[in-house]
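The block underneath contains the structure these notes are about, expressed in structure tokens.
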Amino acid sequence: FSDQEIPMEKKYGQWTCPLPAGSYSMFLHDPSGIISWYGEDGTLLSFMDTESSLYLQSDGSYLYNGTGRENVIAYYNANGHLASYSYHNADETKSVTYDPYGEVLFYSASSSDGYLYRYIDHSWQQLGSDGNWNDCAKPVDVNPSDLPPLLLLEHKTEPIGTWYPNNTAGVIGVSLRDRFPELTKKWYHVLPVDLTIQGTQVFKMVASNLFYIGRVWVTVDGDSVRVQCSYADGLIFPKEEMFRWFTSIDEITHDFLEHPSDSLVYGQSYSIRECFGGAKKALLFVCNKVTYRQTVWNDGTMLVRYWPNIESVKAHRMKAEKMLDEMLTSNE
């Protein structure tokens, strides 16, 4: 460093000094000793602390190297969402890749207990002593405990856009408010699902009756059914997640819709025979609570608006209404 005085100014709430090409170095005054570099527009270029470093790459993604966290190497997309990570220590290794909705695309791990795991065709598997891969429960540590999915949020400047705090998200189907106004005045939907269709059916999830924010998967495998959900790329924060199955509209009450709750768990399989009495059709009710943001400009993460009266949506809702009519007729 030269002996000349470095010009300092207040920028983004911290003392900064200008660097070449219009970038700024921001020194965060905390015990961890973090040093961050931001572009003139507030974009995070890199940061370093005693245990990790983060660098903006040419494609807008971020490379994270955490030597203090068991040799973690992670890639974040331009919005700060975890895209993939790997780590290794003396006892185990792990590698995970996610899709834009936060769902696991690829997973492999070896642990100190001697087991090998992988994720393939929407199912978790464990290598048995016979050399065959067998279905198993989802490993509890798919997301590393010390590496949050949105590592960058505390380092990025506040994004421009409209925030929707603690809004309800569900699947598109039959509007209970329109069809059964005595049950609720809320914009809740139930979706009739054919449980005789083997394989995975994918349904869109809408928040605030305004925007598509994710998807719900219903997978039928023999006598078992499994429900999974995921969220679109962008700033979407799930607060509570719940779903429930009904075999008849008569099972849905006003009191339930005032305070929806259930003990069913996303990603867990349930017996159609034991839980639904072998019913061929059932009503899926999804009521997730999320906080999310809609951007001002389309930066690749702008949420798509939900319009209930466009032809494709009207066709989907008419199909749902027809299936519900069939269920009501069969229960008479």
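The values are calculated or read from the model by the stated rules, or taken from the named source; none is laboratory data. Bear in mind that the values here come from a model prediction, so they are computed numbers and not experimental data. When we count neighbours, we look across all protein chains shown, and the Cβ atoms used for this are built from the backbone with ideal geometry, even at glycine.
Taking segment 211-228 as the search range and keeping residues that are touching a Lys or Arg at 6+ places or on another chain (Cβ under 7 Å) and not polar (S, T, N, Q), which one is nearest to ASN167 (Cα to Cα)? Lay out the reasoning, then the answer.
Step one: list which residues in segment 211-228 are touching a Lys or Arg at 6+ places or on another chain (Cβ under 7 Å), which gives 211-212, 215, 219, 223.
Next, from what is left, pick out any that are not polar (S, T, N, Q): 211-212, 215, 223.
Values: PHE211: 11, TYR212: 13, ARG215: 16, ASP223: 34 Å.
The residue in question is PHE211.
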Name every residue in segment 251-279 that is among the charged types (D, E, K, R) and either at pLDDT below 95 or more than 19 Å from LEU324 (Cα to Cα) (or both), in order of residue number.
ASP255, GLU258, ASP262, ARG273, GLU274
Per-region count, segment 218-240, residues among the hydrophobic types (A, V, I, L, M, F, W, C) and at pLDDT 90 or above
5
Among (1) surrounded by fewer than 15 Cβ atoms within 10 Å (Cβ to Cβ); (2) farther than 15 Å from GLY170 by Cα, the one test that ARG293 misses
(1)
Mind checking whether some residue in segment 255-271 is over 25 Å from the mean Cα position of the chain (by Cα) and touching a residue at least 40 places away in the same chain (Cβ under 8 Å)?
yes
Could you tell me whether any residue of segment 269-284 is in contact with a Gly (Cβ under 7 Å, 6 or more places away or on another chain), closer than 30 Å to LYS138 by Cα and not charged (D, E, K, R)?
yes
Out of everything in segment 111-155 that is over 30 Å from ALA232 (Cα atoms) and of a type in the set (Ser, Thr, Tyr), what residue ends up being modelled with the highest pLDDT?
SER129
For segment 178-195, pairs from a residue that is over 24 Å from ALA279 (Cβ atoms) to a residue that is part of a loop (DSSP other than H, G, I, E, B), with Cβ under 9 Å and 6 or more apart or across chains, are TRP187/SER208; TRP187/ASN209
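Tell me, please, whether a residue that is over 19 Å from the mean Cα position of the chain (by Cα) and closer than 25 Å to ASP325 by Cβ can be found in segment 200-219.
no
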Given the criteria touching a residue at least 24 places away in the same chain (Cβ under 8 Å) and part of a helix (DSSP H, G or I), does GLU274 qualify?
no
